[in-house]
There are 2 protein chains.
Amino acid sequence: MMLFDDVTSEEGSKEKIILEAAMDEFIAEGWAGARMQSIADRAGINKPLLHYYFRSKEKLYNQTVYRVMAYFFGFVLGNVEGKDSFQEFLRAFIDSVIDETAENPRIPLFIMQELSRGGETIRGILSQVLSEQNPPVTEVMRTNLIRAMETGEIRPVNPIQFIMSLLGSCLYFVMAEPIIMELGKQTGLLGNFDRSRFLEERKEAVFTLLYNGVRS
Amino acid sequence: MMLFDDVTSEEGSKEKIILEAAMDEFIAEGWAGARMQSIADRAGINKPLLHYYFRSKEKLYNQTVYRVMAYFFGFVLGNVEGKDSFQEFLRAFIDSVIDETAENPRIPLFIMQELSRGGETIRGILSQVLSEQNPPVTEVMRTNLIRAMETGEIRPVNPIQFIMSLLGSCLYFVMAEPIIMELGKQTGLLGNFDRSRFLEERKEAVFTLLYNGVRS
DNA sequence: AATCGGTTTGACCATATGGTCAAATATAGG
DNA sequence: CCTATATTTGACCATATGGTCAAACCGATT
C-alpha cells in the first residue's frame, strides 16, 4: 500500500511493515474477510509476532482504519491551497480527488462499507479523525463556496448539497469501476479502454458539468 | 428486505423466506461476514434445512447476488418511460434512484464492494443480469441524451461521463450517509436532521445542478 | 562469560463455522 | 391403514481461525 511514508508514530520498520500489510489485507477483504495469518504472510512474519506487536485483530484493525481515514480525509487539503477563483479551486479539488482515488481505488469503498456495517468503535474513529483536521476539508470547501457566492462567481447553492454532488461525481468511477467495465464491454461504448486517458477525460467532464451547473 | 414480491422462480414460501433472509444477511455482512446459522435463524429454520434447499453457502450467495443485481439495475426503467423532454426524464430518473436507494441504502455499496472483491463468478452474474435487461438502462439513458442533444435541449456531452456524474450524485448520499451524519454532527451544518425532508432537497439540488450543467 | 530485556518461534488450545448423515416426521396417494 | 416421497432435525465432523505460552534466540551491557 505504501500510503504513509511520512512519520506516523512508529518510525521503526517492523510496526510499519505490519501496518502496511494489514492495510492491504483489510482493504481487500474487509474486517470479516481479513485473516491474521494472511497479514502475517504479507508482512513476512508469523502469527504470534503479529499478536506481539498488536495485541488483537481488533486493535490492528482500529489502527488501520484510523490511518486510512486520516489519509483519505486529508490528502485533498494540500492541493487546493492558494486558489483564488472558485474555478481554479474546483479544478484543483477534482484533479486531486480523482488522481488520488484512481491510485487507491478500494479506499473509498472500504471506508463507506465498514462505516455502514460497523458499530460505535469505527464511528468513534471517524469522529476523531475529523476532529483532528485543521482546517477540516469541509470547512475549506464551504468557505470557498460562500466566497464565490458573495463575489457573484456562482449562483446561490446549498454547500452540503454541492459537496455531495461533487464527491459523488469524483468517486463514482473508481467505486463502480467493475460495473462500468462490464457495461462498457457489453455495450461497446468504451471501445479499447485506456484508463489514464479516461481519467483525464473524466476530470474535464466533471469540472465542466459542475462549473456550468453553478456559475452565474 | 421484501424486494421480490413478484414471481421470481420460486413461488412457494420456503425458498422465498430463505432467500429474503439470505439477502438481509449477505447485504448486511458481506460474503465473508455472513453466517449460515444466522441466515437460518432469520428464516426461522435450522442449518441442515438451509443446505437441503440451497446446497452450499456459495450457491445461496450466487442466487442472492443475482436477485439483488437484477433488482438494482432494473427498478429505474418503469419510472422513466414516456417522458418527452430531457428535463422530465432527468427529473424522473433522479427521483426514482434516490427514492429507491433511500429505502434500501445498503444495496449499492453491497454490489460495488462484492464486485471489486469477488472473482469471475460474481462478474459473470453481473454480465448475465445486464444482458437480460431489455432495454438496458444504459441504452435508455443514452438514447434520451442523444435525442436531447439533437433537439438542442442540451449541449453536447459525453453520455458515459454524464451518466457517471448523475449516478454518483444520486447514490453518494446513501452510500456515505454515516460519514455525512458525522460531519453534520461535528460541524453543526445539518441542524436537526430530517431525513425525508433532506432527500427531497437532495433531489431538487441534483436536478438543478445537473440540468444547469448541461442545458444549452 | 553471565545476564537481562526485547524479539521470534513451534506447538498448542478453544471456538466457530460450513457441511453431512441417518433417523424421525410429516404429507400425499393408493 | 400402508407406503412412498418430501421435509425436518439432532448429533456429529473436519477444518479454519483468533489467540496463547513457554521455550529459544539475539544483541547489548557489565
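The values are calculated or read from the model by the stated rules, or taken from the named source; none is laboratory data. For clarity, every value in this text was computed on a predicted model and none was experimentally measured. Virtual Cβ from ideal backbone geometry, glycine too; neighbours counted across all protein chains shown. Only protein heavy atoms, including side chains, enter the accessible area calculation; ligands, DNA and RNA are left aside. Shrake-Rupley method; radii C 1.70, N 1.55, O 1.52, S 1.80 Å.
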Item to complete: Mind listing whichever residues of region A:136-157 are within 11 Å of another protein chain (Cβ to nearest Cβ) and modelled with pLDDT under 95?
Response: A:PRO136, A:VAL137, A:THR138, A:GLU139, A:MET141, A:ARG142
Item to complete: Looking at (1) farther than 18 Å from B:THR138 by Cβ; (2) touching a residue at least 40 places away in the same chain (Cβ under 8 Å); (3) open to solvent by 10 Å² or more (accessible area, probe 1.4 Å), find the lone condition where B:ASP194 falls short.
Response: (2)
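Considering only residues of region A:22-37 that are away from DNA strand C (no atom under 13 Å from the Cβ), assigned to a helix (DSSP H, G or I) and crowded, with 17+ Cβ neighbours inside 10 Å, which is nearest to the chain's Cα centre (by Cα)? So that I can check it myself, show each step before the final result.
Restricting attention to region A:22-37, the residues satisfying the condition of being away from DNA strand C (no atom under 13 Å from the Cβ) are A:22-30, A:34.
The next check asks that each one be assigned to a helix (DSSP H, G or I); those that pass are A:22-30.
From the residues that got through so far, the ones that are crowded, with 17+ Cβ neighbours inside 10 Å too are A:22-27, A:29-30.
Details: A:ALA22: 17, A:MET23: 14, A:ASP24: 14, A:GLU25: 17, A:PHE26: 15, A:ILE27: 12, A:GLU29: 17, A:GLY30: 16 Å.
Residue satisfying both the conditions and the ranking: A:ILE27.
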Worksheet item: Can you tell me which residues in region A:106-141 are surrounded by 21 or more Cβ atoms within 10 Å (Cβ to Cβ) and of a type in the set (S, T, N, Q)?
Response: A:GLN113
Item to complete: Select from region A:197-215 the residues that are closer than 21 Å to B:GLU204 by Cβ, touching a residue at least 60 places away in the same chain (Cβ under 8 Å) and in a helix (DSSP H, G or I) and list them in ascending order.
Response: A:VAL206, A:LEU210, A:TYR211, A:VAL214
Item to complete: Just one of (1) open to solvent by 30 Å² or more (accessible area, probe 1.4 Å); (2) within 16 Å of DNA strand D (Cβ to nearest atom); (3) in a loop (DSSP other than H, G, I, E, B) trips up B:ILE45, so point out which.
Response: (1)
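Report the residue count in region A:38-50 for those that are within 14 Å of chain B (Cβ to nearest Cβ) and either within 14 Å of DNA strand C (Cβ to nearest atom) or closer than 19 Å to A:LEU109 by Cα (or both). Show your work before the answer.
Our first condition is that a residue be within 14 Å of chain B (Cβ to nearest Cβ); within region A:38-50, this holds for A:38.
The next check asks that each one be either within 14 Å of DNA strand C (Cβ to nearest atom) or closer than 19 Å to A:LEU109 by Cα (or both); those that pass are none.
Within region A:38-50, residues that are within 14 Å of chain B (Cβ to nearest Cβ) and either within 14 Å of DNA strand C (Cβ to nearest atom) or closer than 19 Å to A:LEU109 by Cα (or both) number 0.
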Worksheet item: Failed condition for A:PRO178, given (1) more than 9 Å from chain B (Cβ to nearest Cβ); (2) within 19 Å of the chain's Cα centre (by Cα); (3) over 12 Å from B:MET164 (Cβ atoms), with all others met?
Response: (1)
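Pick out the one residue from B:GLU29, B:GLU25, B:GLU58, B:GLU11 that is away from chain A (no Cβ under 14 Å) and either closer than 30 Å to A:SER165 by Cα or at pLDDT 95 or above (or both). Please lay out each step first, then the result.
Details: B:GLU29 fails: away from chain A (no Cβ under 14 Å); B:GLU25 fails: away from chain A (no Cβ under 14 Å); B:GLU11 fails: either closer than 30 Å to A:SER165 by Cα or at pLDDT 95 or above (or both).
None of the others qualify; the one that does is B:GLU58.
Identify, from the list B:GLU58, B:GLU88, B:GLU132, the residue that is acidic (Asp, Glu) and within 16 Å of DNA strand D (Cβ to nearest atom).
Sole residue among the options that is acidic (Asp, Glu) and within 16 Å of DNA strand D (Cβ to nearest atom): B:GLU58.
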Practice prompt. Report, by residue number, each residue of region B:68-106 that is farther than 21 Å from B:GLU139 by Cα and charged (D, E, K, R).
Written response: B:ASP99, B:GLU103, B:ARG106
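How about region B:97-186: which helices (runs of 4 or more DSSP H) wholly inside it have at least 1 residues that are aromatic (Phe, Trp, Tyr)? It would help to see each step written out before you state the result.
Working: elements: B:106-117, B:120-132, B:137-151.
Because the criterion is at least 1 residues that are aromatic (Phe, Trp, Tyr), the helices (runs of 4 or more DSSP H) in region B:97-186 that meet it are B:106-117.
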Worksheet entry | In region B:51-72, residue farthest from DNA strand C (Cβ to nearest atom) [restricted to those that are part of a helix (DSSP H, G or I) and either farther than 23 Å from B:ILE107 by Cα or open to solvent by 50 Å² or more (accessible area, probe 1.4 Å) (or both)] | B:TYR66
